[in-house]
Structures are given as structure tokens and as C-alpha cells.
1. In nm, what is the difference between 0.36 nm times the number of residues separating MET166 and ALA275 and their Cα-Cα distance?
2. Stretched out fully, how many nm does the piece from ARG233 to GLU3 gain, at 0.36 nm a residue minus the Cα gap?
3. Taking the stretch 226-265, which trypsin sites (Lys or Arg not before Pro) meet the DSSP loop condition and have no more than 16 other C-beta atoms within 10 Å?
4. For a label point 7 Å from the Cα of ALA398 along Cα→C-beta, name the residues of the stretch 33-56 whose backbone N is under 15 Å from it.
5. Counting only heavy atoms of protein chains, what accessible area per residue, in Å², does the chain have with a probe of 1.4 Å?
6. Counting chymotrypsin sites (Phe, Trp or Tyr not before Pro) as exposed when in a DSSP loop with at most 13 other beta carbons within 10 Å, what is the longest stretch of the chain free of them?
7. How far is the Cα center of the stretch 1-33 from the Cα center of the stretch 284-362, in Å?
8. Express in nm, to one decimal, how much length is gained between ARG298 and LEU382 on full extension, taking 0.36 nm for each residue of separation and deducting their alpha carbon distance.
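The values are calculated or read from the model by the stated rules, or taken from the named source; none is laboratory data. Because the structure is predicted, anything quoted here is derived from the model rather than measured. Cβ: placed from backbone, ideal geometry, glycine included. Neighbour counts: every protein chain shown. Areas reflect the complete protein model, heavy atoms only, side chains present, ligands, DNA and RNA absent. Shrake-Rupley method; radii C 1.70, N 1.55, O 1.52, S 1.80 Å.
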Amino acid sequence: MAEPIAFTNAQLFDGEAARGAGYTILIADGRIAGVGRDPAPSHARAVDLGGATLMPGMTVGHWHGEFLDIGPPRFGAGRGGIFLGTEEPPALLALAAATSLQIALRSGITRIVSGSCSNDLDWQMKVAIERGMFDGPMLVPCSRHVVTTGDYEDRGHWWANDVQMMGGVRRIGGNVFADGPEQIAKAVRQEILRGAEVIKILPTGGHGFDLLPTYRGLSHAELEVVVRTAHERGARVRAHTNSSASIRECIAVGVDIIDHADEIDEDCIAAMVQAGTTWIPSLLFTKLASYGGAGEARAGHQMDAAWDNARIMLHKADAAGVNIVPGDDFGAQGMGHAPGVYARELLVYIEDMGISAERVLRWATRNGARLTRTAATEGLILEGMEANLIVVDGDPIATPGILTEPDRHLRVVMLGGRIVSGGLSERPTPQFAPNISQAAE
Ligand SMILES: [Zn+2]
């Protein structure tokens, strides 16, 4: 094993709270072997952090690694009808996904729970990382969107020329189309067979798609069968859902993760607390797609209403004890995969929503580890935990904006006790293709 490392003179945020300065954190055999104020033991390589902040690596709880600048010009007729871009050639998408994962790691993200992918890319990326092809965060693979014929994800597909049929179930890019409980169960089982640990469904529109009160992506029977089938095989279910009625229905049938939830209300929050449901508010997208707190909300504008609703409900959900985890549709226009973009979402919660930085960092670390089901082994700076941590020059609680500039402020990204990125990295920081990275504003 590598020699033990003792980070000395650290400011500590341990995933629960800011603990102050003067800490020594000992790393040995891939784990945190000591947290305290003792000097570095003589058998360890001492690294004086000079007051920099040591904290757990962060989680992105909603992810699409292969999204490349998706947005309105690609919808429907744009670019020959490409809808979300996930119908592009799989090798191209795989390279995009691998690049995004490395950008995330370099940004201090050590855990990702994906929010859907095409071509079983998440599972393949997880295997590639495990085989050491590249360093990347721990990744919980998601399925394609499990959707029904004619759903809004189907609208751009009339031209599609790359359709795979399996057992009567149609696959295109990031979607699998199935109808009725039998086909839906088959589609869910196929996705799990192909590596998905989370099944993604789209029970309503909203959050970038029209939210029509009468629209259902899945019937109640189909919704129930998705959850039952996934849970029978040890997978979880996450739902892009936005009407308050649908959020309550999803929680009632056992959906594990609610994404977006534009119309979340107090009843939804109470149901989430009761059921232990995780909420991924994903408000960077909401900010970019709405008036974002500047000027006046437009009457009848769905994303403006979502933004205003979030400003009330985020505090209520947090106070009620909902497991809130950051994560967003990174790769969408204006929030493309680029170093530090993931922390721009954290700034929305801190600066626009008025949640304290300490709480938001807890969502990104402790809550994120709960979501990846690794809370017992990581997510906190605590003796015995796996050493997945970052060192930030400065104090991200006082100045959270520094997290959006990892190339300037991130000194260490450590995975399993190995320094994999940052200024103290033991291997050179990879260079990324400029057309994939999009500079954060
Ligand atoms: Zn998404």
C-alpha cells in the first residue's frame, strides 16, 4: 500500500458541519485513519494544508454524462430532427460521457447518481472506471427513460433510423418505449439486465416540457409495475415529475427519487418525509429557464412559477427533513459539462434561495452519500470511512463561489486514498476538448 498521508493544518468540514481549523487527517490503506488535532505521526507523509479546507467529495445526484449542449435548437426539426442528441453515434456519446466524468472528478465530484443515459453508457463507464481506464467518480448507473409510445420523448423520433427492437420494445437513443404493464415490466428488466441500478421514468411533463394537467406519461398501472419490478430486482426508481398530484402518486407507489418537482407543495413534502423519498430540486436549470429572480415573474409562465414555488418549498422541505441532494441537467445549454459547473447549482441554493452554505454542502456530501447507499462507508470525514475527499484552498462555507473554479482552488481530489486530481495530483490533469467544455459564466 501507499505510505500513509497526514494532512495537517486543515480547516475541516466533515460533511455534517464546519469544525474549525487546526485539524490533522490521517489517511492509510485507502481510509481515513484519524481525525483530530494531534501532530502528524512520524510514519506518515505530512502535507501541510496551510489552513485550506478539507471536506468530503461531493455528489451530483442527477446526471447525463453524454448530454452535449442540448436545448431548443436540437428539439424537433433542428439539426435534422435530433431531439436530445442522445441518438448520435454511440462511440461519440461514450467519449462525451467519459470526458464529463473526468471533468466532474476534477471539479471535486466523487459520487454521481445518473438521471438516465443512452446505450447503457452509465454501466459501461462504471466498468471502464473500475478497470482503471480512467479515473472517475463512483457512478450509480441509470436506465434509459422508460416511456410510452407517443410520450413527449417520442415526438422527435418520427425520422429515427436507428431503432432497436427487443421483445417488442422499441429503443431509440436515451429512450425505451413500452406500453402496458407486461411490456413495461419487460423494459424495466431489460434495463436492469443491462446494468441499470436506477430506472428513470417521466410521469409528467414540466421542467422544460409543457406541463399539461391532463397529460400522463404512464398509467397508474404502468407506474406501479415499474416500481414493483425494479424493487423486485434491487433497483430504484426515479421520476421526472412536476405536478403536485403526480408527485404524491409517485411517492405513494414507492418511487425512490423525485426529480425537479416544479409544483411541490406541503403535502408532497410530508409524503416524502414519511416515505424517505429523496428530492433533487435541480434549480440551476430552473433558474436558467425562468426569470431567475430578476425582475417580475411572467403570469402563466410555468418555469417562473416553478422558481417562485421553489423559493418557498425548498426551505420547508429542508426544515421537514427531506433528503435533498444537488444534481441537475448538466449538459443543457448554458450549463454544459465544464470544470466547476456543478457548484453553480450549489450557488443557486445559497445565493438565490438563501439556504446556508453549510447546509447546502451537507446536501452535497452527507445526503449525497445516503443517496448512493454508501453513507455507512463514505460521505463524512470520520475515522474508518473511505478516503474520498477534497481539499479546497480557502473556505467554501464563507466563499462558496471558489467551488466553481476548481482549476484555481481545488488542491486535492482523493479517491480511495489516492490523489487523482488537483494541484497535488500524482498524475497530470487531463486536457479536455474545448468544444465539449463550455466556459461557466
Ligand atoms: Zn435529467
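1. The MET166-ALA275 span can extend by a further 35.8 nm.
2. Working: separation 230, 0.36 × 230 = 82.80 nm, distance 4.07 nm.
My answer for the length gained is 78.7 nm.
3. For trypsin sites (Lys or Arg not before Pro) across the stretch 226-265 that sit outside H, G, I, E and B with at most 16 neighbouring Cβ atoms in 10 Å, the list reads ARG233.
4. It comes to 50-54, nothing else.
5. The answer is 38 Å² per residue.
6. That would be 160-441.
7. Their Cα centres are 31 Å away from one another.
8. That works out to 25.5 nm of additional length.
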